[in-house]
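Before any comments, here is the structure.
Where a number appears in this text, it was derived from the coordinates with a stated rule and is not lab data. What you see is a predicted model, and the numbers here were worked out from it, not measured in a lab. Here the Cβ positions follow ideal geometry from the backbone for every residue, glycine too, while neighbour counts run over all protein chains shown.
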Amino acid sequence: MKIIAVMSPKGGIGKTTTADSIAYILGEEHEKRVLVLDGDPQGDTSKTFGCYEPEGIGMSELLERHVCVGGDYHTSELIKATEYSHIDMIPANGYLMKTDMNLLMKQEENQVTRLRDALTEVSGAYDYCICDCGRLLDMVVINILLSASLVIAPVKVGGYENEALHNLEEQVENLREFNPEIRIKGIMTMRQKNKTSLEFEEWLREASGFDMFITPVRRSIVVEKATIGMTVLPKFSRNGIVTQDYREIVRELLEEV
């Protein structure tokens, strides 16, 4: 099972849309077995895939009460089926913020590797695990990053957004001691056909030093409409330009893997 995290310290750059779209296209269009993890206490990915429960079990129990840390839950017991035949998920809710605090106070060897241990239980059941991370590098996200081999980092035009990508690279570099395989690959999102946007795209590819997907994701109001409907984008707009872009990104991903 290849574990892919979608992460950026900057909000509003299409992180959740990217994670959900890649998971959907891999599962429903390429018929890969996909497990989705929601690592954000807002639970937006859980809502998109119809698995959100404010009082439900999921990621908090996986990290705090799994049998590998002396708890009473197996990973398989926390996986929920979605309406999609090839996609399952482990959802999250607001309790994930408390999980972060609880993990932060622990002084145990597996404090930051317990997710990796828990996912080993189902590694043969899925081809991909797509993880939607929160913006903060908290204990939940650190557990995800130490499990992942690839971090996909969306970035859009802007100095602060570019700085966020640099910060993420520095943070990931600090984690390589525990996960030498981890690497980052950027996606330009919300690209418009104007001079500033095109120049920034060229800089990202040729001069930034970042490893980037070739395909940019174009700006479209359809993305906002999909989020209003809490529907995964490729289902909401099967032939839209942004869905086409994510299909190309998944094609690049599959060729690379």
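Starting at 0 and stepping by 5 Å, how many percent of the alpha carbon pairs of the stretch 158-257 end up in each bin?
For the stretch 158-257, the pair-distance distribution reads 2, 11, 18, 19, 19, 17, 10, 4, 0.
Which whole-number percentage describes the relative contact order of the chain, with Cα contacts under 8 Å and a sequence gap of 6 or more?
On the way: 482 pairs, mean separation 66.3, N = 257.
26 percent.
Give me Leu62, Leu165 ranked fewest to most by other Cβ atoms within 10 Å of their Cβ, as a rough exposure proxy. Don't skip to the answer; put the middle values down first.
On the way: Leu62 28, Leu165 21.
Ordered from fewest to most neighbouring Cβ atoms within 10 Å, Leu62, Leu165 come out as Leu165, Leu62.
Would you work out which of Ala19, Ile228, Cys68 lies farthest towards the positive end of the dipole of the chain, given +1 charges on the beta-carbon of Lys and Arg and -1 on that of Asp and Glu, about the Cα centre?
Positive-most Cα among the choices belongs to Ile228.
With both bridge residues required to lie in the chain, what share of the DSSP beta bridges run antiparallel, to the nearest 5%?
5 percent
Treat every Asp and Glu Cβ in the chain as -1 and every Lys and Arg Cβ as +1, leave all other atoms uncharged, and give the resulting dipole magnitude about the Cα centre to the nearest 20 debye.
Working: 28 positive and 41 negative charges, 163 e Å.
It works out to roughly 780 debye.
Output the relative contact order of the stretch 126-257, whole-number percent, from Cα pairs under 8 angstrom with separation of 6+ residues. The partial results should precede the final answer.
Numbers: 133 pairs, mean separation 24.6, N = 132.
Worked out over the stretch 126-257, it gives 19 percent.
Give the Rg/Rh ratio for the stretch 87-153, taking Rg as the radius of gyration of the Cα atoms and Rh as the Kirkwood radius, to two decimals.
On the way: Rg = 12.3 Å, Rh = 12.9 Å.
Ratio value, two decimals: 0.95.
Only bridges whose two residues both fall in the stretch 1-146 count here: according to DSSP, what percent of them are antiparallel, nearest 5?
Details: 2 of 18 bridges.
Roughly 10 percent of the DSSP beta bridges within the stretch 1-146 come out antiparallel.
So what is Rg over Rh here for the chain, counting just Cα atoms and using Kirkwood for Rh? Mind showing how you got there, number by number?
On the way: Rg = 17.4 Å, Rh = 18.3 Å.
That ratio equals 0.95.
Where a Cα-Cα gap under 29 Å defines reach, which lysines qualify for Lys32, not counting those fewer than 8 residues away within the same chain?
Lys2, Lys15, Lys47, Lys80, Lys156, Lys185, Lys225, Lys235
Mind checking which of Val141, Gln171, Ile184 is farthest towards the positive end of the chain's charge dipole, using Cβ charges of +1 (Lys, Arg) and -1 (Asp, Glu) about the Cα centre?
Going by the charge dipole, the pick is Ile184.
Calculate the translational D of the stretch 91-229 in whole µm² s⁻¹ from Stokes-Einstein, where the hydrodynamic radius comes from the Kirkwood formula applied to all Cα pairs, the temperature is 37 °C and the viscosity 0.692 mPa s. Before the final figure, lay out the partial values.
On the way: Rh = 17.1 Å.
Translational D for this selection: 192 µm²/s.
Please give me, ordered by residue number, the GluC sites (Glu not before Pro) of the stretch 26-82 that lie in loop per DSSP and have at most 15 other Cβ atoms within 10 Å.
When the GluC sites (Glu not before Pro) of the stretch 26-82 are filtered for loop state and at most 15 Cβ neighbours within 10 Å, Glu31, Glu55 remain.
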